[in-house]
Structure formats: structure tokens, C-alpha cells
Amino acid sequence: MPDMTGGRFTAGREPRMRLMGFVLLIGSMTFADGPCSLAVAAAATAALFLLSGISLERVLRRLMIPAIPLAILVIVLALTSGERILLGIGPLQIRTEGTLFGIYLIGRIVCIITTVTILVEAVPFGENLEAMRGLGVPNMMIDILMLTARYIPVAVEDMKVLRRAAKLRGFGHATGLISFMYSLPMMAGSVLVRGHIRTSRIHAAMILRGYGDGNRTDTHERPGARDILILSAFASVSLTLILLSLKGL
């Protein structure tokens, strides 16, 4: 779940400038397709990681999510893409172009996921939402993101309670994929019904508290010299990445 309280990466920084900088950097990382541009992206990611103060374990946990599909994709690329043979192992032929493309692809994805993890884990989630609101993102989208982040853990906990209750009542003693797939639709339906009831109550409470009256005001301060300097640093790295990629470096 995103950090709702805060981290070391937030002190003295205007949230809109910080969010714009991260968006610029993440977008430019998608252009990194050569050794020089990838090295710059990796250096920027490492610097942000050291400044953020988050643990390596939290980053590795995020990187494990796409690990298996990425490994399969890289193996397929190495065996099928390109003409020059890098290494032959029996009937298998590892190709140079596919191997290089796979290495660059992994590097880009690792940098992007790590940077997104730093943005989510080291910055208060509420600050990111307020920064998006200050940059003109519609209030409805902000509210949907806020409620989604708040109630996904609640839905997961409901699912755990339902599974535990089913086992105590004699259901689900059989193990294996077939038993799980049989019980999953019933539990998911129950969670959706509970979610709908909870959503109706939350919406009614929000209406009673004045939600939708359009009286929200912008509470952000004007960006200071330090905020502009930080945004300039993000923009410089992003521009460097794009220029290196355009030159094929």
C-alpha cells in the first residue's frame, strides 16, 4: 500500500515540482536504448534511491512482480531475434541483437520500476494526490485514486476472512488449483457486494460533509528557488537521456 504519511524525500520540496520532475524522468527513461543512455538512467535511479532512504527490500519486492515474464521474454529474444550468432549451445543459438535488446529492455524496466517505487514509497500518497490536483487533474480522478488506494487492502482483508470462514464451515478442505478456482468466484462476489454496500455508505457520508460543492481552494505555496532547481535537474537528466537516445548512444 502507498505510504500515506511521508518519508525523508519530502522535506522542503514543493509537491507539484517534484511530481513533474518524476514524470519527466520516467518518460525519458523509456527512450534509453543504448549503453550511454542506459548508464545515465541507472545513475539517476541510483542517486534517487540513495536520497530517498527507502530499503532495498521494498524495491526488490516490486521488481519481483515482472521478473518471470521478463525472463521468458529475454530468453525468446536472445534465441530468435537477429542474425549474428553470439554463442551456440547444441541446437540453441544465442543471437547478439536479441541479447542486447533484452539487456536494454531489462535495464529500462528496472530503472522505471525503481523510480516509480521511490515516488510511491518515499513520498506521502496524499502529497502526490494534491500535487496532481494542483497540476489540473480532475477532482473525480483524484478521489477515485484516493479511495482505491484506501480500500484495496480492505478488500484483500475481506477475502482472507471469507476464506478462513469457508474453511471453518467445512468448505475448501480440498487443496489445489481446482478447489481454489471453484471457490474464488463465490468469494469475489461476496467481496463485491460488501464493497458496494460500503461504497454507498461512504458516498452518503461524503455528501453530508459537503463533497461536490466545488469550494476547494489551492493551498500550494509558490515554488521556491530550491524547487525550481530540483525540477531543472530532473529536466536536464531527462533531456540528456532523450538526446543520447536520438543519437543512438
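Write out the GluC sites (Glu not before Pro) in the range 10-117 meeting two conditions: DSSP loop, and at most 10 other Cβ atoms within 10 Å of their Cβ. Intermediate results must be reported in sequence, preceding the final value.
Details: sites: 57, 83, 97; in loops: 83.
Within the range 10-117, the qualifying GluC sites (Glu not before Pro) (loop, at most 10 other Cβ atoms within 10 Å) are 83.
Using Cβ contacts closer than 10 Å as the measure, can you line up 206, 140 from fewest to most? Show your work: numbers first, answer last.
Working: 206 13, 140 9.
Placing the least packed residue first, the sequence is 140, 206.
Taking the Cα atoms of the range 37-166, report the difference between the largest and smallest coordinate on each principal axis, in whole Å and largest first.
Extents along the principal axes, in whole Å: 55, 46, 30.
For the peptides 104-117, 124-137, 16-29, what is the packing order when you average, over each peptide's residues, the other Cβ atoms within 10 Å and list the highest mean first? Before the final figure, lay out each step's value.
Details: 104-117: 18.6, 124-137: 16.9, 16-29: 20.2.
Listed from highest to lowest mean packing, they are 16-29, 104-117, 124-137.
Most exposed first by the Cβ proxy, i.e. fewest other Cβ within 10 Å, how do 158, 143 rank? Show your work: numbers first, answer last.
Values: 158 18, 143 15.
Going from sparsest to densest Cβ surroundings: 143, 158.
Bear in mind these aren't lab numbers, they're just calculated from the coordinates by the rules spelled out. Please read these numbers as outputs of a predicted model, since none were measured by experiment. Counting neighbours? That spans all protein chains shown, and the Cβs are built from the backbone with ideal geometry, glycine included.
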